[in-house]
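The values are calculated or read from the model by the stated rules, or taken from the named source; none is laboratory data. Everything numeric in this text was worked out from a predicted model, so none of it was measured. With ideal geometry, Cβ positions are generated from the backbone for all residues, glycine too; neighbour counts draw on all protein chains shown.
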Amino acid sequence: MKIQMLDLSEQYNQMRDEIISKLDEVMSSSRFILGDNVKKLEADVAEYSNVAHGIGVGNGSDAIHIALQAAGVGEGDEVITTAFTFFATGGAIARAGATPVYVDIDPVTFNIDPNQIEEAITDKTKAIIPVHLYGQMADMEAIKKIADKHSLVVVEDAAQAIGARQNGKTVGELGTAATYSFFPTKNLGAYGDGGMIVTNNADISEKAKVIRVHGSKPKYYHHVLGYNSRLDELQAAVLNVKFPYLDKWSNARREKANYYTEKLSEKLPGIIQTPVEKQGNYHVFHQYTLRVPKRDDLQNYLKSKGVATMVYYPMPLHIQPVFKGLGYKEGDLPETEKAAQEAISLPMYPELKKEDQDFVIEKIIDFYKNN
């Protein structure tokens, strides 16, 4: 058996003709930069997020950076976030000239713990970045209350969570802005890099549109320092084909997740911790992530049986060498560091076959029976 973490081939085969047709339209039009496909995707994703504005950018990392800059975050500011996330979250803060301030996570969801945020606020704090990790929204209602109390910007890092909801609200509705990644492995993935900012704030939208084109408005007149970070027309064409399938794919992911949880909870009660969907949340399962003992041994065993797994994230941001100057040390964020030793993600994608899941489940059970 060879079971991949993600296999995009079947998805592509299902819509191959439509994708090729749309790409041919772009090639024939000779309009490759910020054309009709980008405009359509911006409008559709904004509407899907129940906000007024969508701004396509080069990738999900730039989306965070540009959203922060457009919201006025810069030199001398502090931004509170989680250390249990991909580097782009902390990197975007630093690239904006601000200082990342890391707080611990909720051990149940792996998301930022709102109870840790307020004590980290100083007179330099300008923003909070909650990361909706693995496809489940952080506790946005609690975070928004804190932000409103202290007049802070909230930029939702929703790279893994397009389509996620919380108490009837979607990603983007409760924050100042939210950011998406369209990296190929994401729930809505392009065939290259891509990202988007969504917001109800017209000023942030307008500033982000200027920043993504070298800070120019009109063309060749530069009032701010911007970047070359535009969503590519070809990638937008691919995403426009895929976008109508997103809800169907999210539902399929949830079905796969429920099957994993049912079988693993039944066979290994008290040994592993399966994902918990908090009440009121709609989890879109970008990843299906367990907490397990002997994590590295389990990963090696599954690899020997042909099962791919991933560890997100083995070294939290607060102890990354590049952030050494911030002064954090091991032990400062105990729940984050514990998760980094225990978390393992199983194969997860809409087309994952039940027999493949059964094989993965069987091998996990075998490992713990013998260990």
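Working carefully through the options 66, 121, find the one that is of a type in the set (A, V, I, L, M, F, W, C) and more than 19 Å from the chain's Cα centre (by Cα).
121
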Revision key, fill the gap. Taking region 274-304 and keeping only residues that are under 16 Å from residue 108 (Cβ atoms) and under 18 Å from the mean Cα position of the chain (by Cα), one is left with 275, 276, 277, 278, 281, 283, 285, 287, 288, 289, 290
Revision key, fill the gap. Requiring at least 2 residues that are farther than 21 Å from residue 197 by Cα and not hydrophobic (A, V, I, L, M, F, W, C), the helices (runs of 4 or more DSSP H) wholly within region 1-81 are 9-29
Study note, to complete from the structure: Scanning region 302-334 residue by residue, the ones that are closer than 29 Å to residue 371 by Cα and surrounded by fewer than 19 Cβ atoms within 10 Å (Cβ to Cβ) total 12
Point to revise | helices (runs of 4 or more DSSP H) within region 269-371 that include 1 or more residues under 22 Å from residue 86 (Cβ atoms) | key: 295-304, 334-342
Study note, to complete from the structure: Every listed condition ((1) modelled with pLDDT under 95; (2) at positive phi) holds for residue 371 save (2)
Review point. Looking only at residues in region 157-186 that are of a type in the set (Phe, Trp, Tyr) and crowded, with 24+ Cβ neighbours inside 10 Å, which one is farthest from the chain's Cα centre (by Cα)?
Key: 182
Check your understanding: For residue 35, all conditions in the list (1) touching a residue at least 60 places away in the same chain (Cβ under 8 Å); (2) more than 21 Å from the chain's Cα centre (by Cα); (3) crowded, with 20+ Cβ neighbours inside 10 Å hold save one; what is the number of the exception?
Key -> (3)
Review point. Got a number for residues in region 313-340 being acidic (Asp, Glu) and under 17 Å from residue 291 (Cα atoms)?
Key: 2
Check your understanding: Are there any pairs with C-beta distances below 8 angstrom linking a residue in region 304-316 that is among the aliphatic types (A, V, I, L, M) to a residue that is at pLDDT below 95, with the two at least 6 apart or on different chains, and if so which?
Key -> 307/1
